[in-house]
Every structure is written in structure tokens, then in C-alpha cells.
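Inspection log for the structure reproduced underneath, given as C-alpha cells.
The values are calculated or read from the model by the stated rules, or taken from the named source; none is laboratory data. Values in this document were obtained by computation on a predicted structure and should not be read as measured data. Don't worry about glycine lacking a Cβ; one is built from the backbone with ideal geometry, like all the others, and counts go over all protein chains shown. When the accessible area is computed, the model is the full protein with side chains, heavy atoms only, and any ligands, DNA or RNA have been set aside. Shrake-Rupley method; radii C 1.70, N 1.55, O 1.52, S 1.80 Å.
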Amino acid sequence: MPNDDETIREFVARHARPYDPDTDTYDRPPFAADIKEGKNDPIYNAHSYHTKVPPRGIIPYILHYTEPGDLILDPFCGSGMTGVAALMCADPPADILEEFSDLRTRVGQRRAILSDLSPAACHIAYNYTTPGDVEALRHEFE
């Protein structure tokens, strides 16, 4: 049975680009822009949670501070909006890319590790970020 360090290394190797201290450099200027997002997005309104942030307000930060293939850790994930935003970075809303055109070159999939002390938060975050089977849903509706 693998130990915890091996399990983490395997997860990172499978879902992200592992850090290489010899070749990875990181230099980003601060993201200095006003982000104004309403709370009327269907994804945001699917479930209430007391500290929820609209994922559209998180996307520009993820695109600015990370690269496609990076792994994002949110140890206090609440309802999982950082995970939703990370998923949306693969195909961000066009209006966000129009407003922040310098982020167009940074579009691409990111993965997120979401964790929270609250079982309810973990349940909500898991269900927000786990793809559903559209055909099975359609079959059940019919």
C-alpha cells in the first residue's frame, strides 16, 4: 500500500503538471483590476451557501496567477466556487476575455483540490464540480 507522499505524487502526476524546481520559474505582476460580478448567474444560484463568491469573479485571478495544467488548492472551499472557476478556465466566458484580453493566452484547464471541515460544504463542492451524465438525466426525465 502506498504511503501518503506516494499517493500525493501519483495524484499530481495524473492531474497536473508536477513542479520542477530546475525549470519552473514564477514571476507575475499583481492583478490590479476591479472585478464586478453579480449574484444572478445560474451556477451561483443553484445552491445557497453563506460565504459563496461568484465563480466568474474568480476566473480572472486563476487565469492570471496560474498556467493551464496547474493544480489549485482550496483548503477552505465552502461551496466549491474556486473549483467551478478552475473548470471554467478551460473555456472562460467570452465577456471576461474581452474585458481582460491579456488573459486570452492563459486559457486552459486547471484542476483543483477542494477541502473543507464542513461535511455539507464538501458535499456541495463535490456536486458542483462533478460532471453529470446528461444522457442518464434525459432518460430519467423522459
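Where Rh is the Kirkwood radius over the Cα pairs of the range 8-53, the temperature 25 °C and the viscosity 0.890 mPa s, what D in µm²/s does Stokes-Einstein return? Could you put the intermediate results ahead of the total?
Details: Rh = 15.2 Å.
My calculation gives 162 µm²/s for D.
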Quick calc, GLU67 & VAL12: beta-carbon distance into FRET formula, R0 22 Å, rounding 0.05, result 0.95
Under a no-solvent Debye model with one identical scatterer per Cα of the chain, what's log10 I(q)/I(0) at q = 0.21 Å⁻¹? -1.39
Please get the size of the charge dipole for the range 51-114, origin at its Cα centre, with Cβ charges of +1 on Lys and Arg and -1 on Asp and Glu, quoted in debye to the nearest 20. 200
Evaluate the distance, in nm, between pseudo-label points positioned 7 Å from the Cα of ALA94 and of LYS36 along their respective Cα→Cβ axes. 2.2
The range 46-62 scanned against label point 7 Å out from ARG104 along Cα→C-beta; backbone N under 15 Å for none
For the range 96-122 and the range 5-47, what is the separation of their C-alpha centers, rounded to whole Å? 6
Rounded to the nearest 10 Å², the accessible area of LEU73 at probe 1.4 Å: 120
When the accessible area of the chain is computed with all protein chains present and a 1.4 Å probe, what percentage of it is carbon and sulfur? 55
So which chymotrypsin sites (Phe, Trp or Tyr not before Pro) in the range 69-137 end up in coil per DSSP with only 15 or fewer other C-beta atoms within 10 Å? PHE76
Heavy-atom accessible area per residue - the range 1-127, 1.4 Å, Å²: 65
Taking 49-60, 6-17, 101-112, 26-37 and ranking on average Cβ neighbours within 10 Å, highest first, one gets 49-60, 101-112, 6-17, 26-37
Relative contact order computed over the chain (Cα-Cα under 8 Å; 6+ residues apart), in percent: 24
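By the scheme Lys and Arg +1, Asp and Glu -1, what is the net charge of all other residues having a beta-carbon under 14 Å from that of ASP24? All intermediate terms of the calculation are to be shown ahead of the outcome.
Details: positive: ARG17, ARG28; negative: ASP20, ASP22, ASP27, GLU67, ASP70.
Summing Lys and Arg as +1 and Asp and Glu as -1 gives -3.
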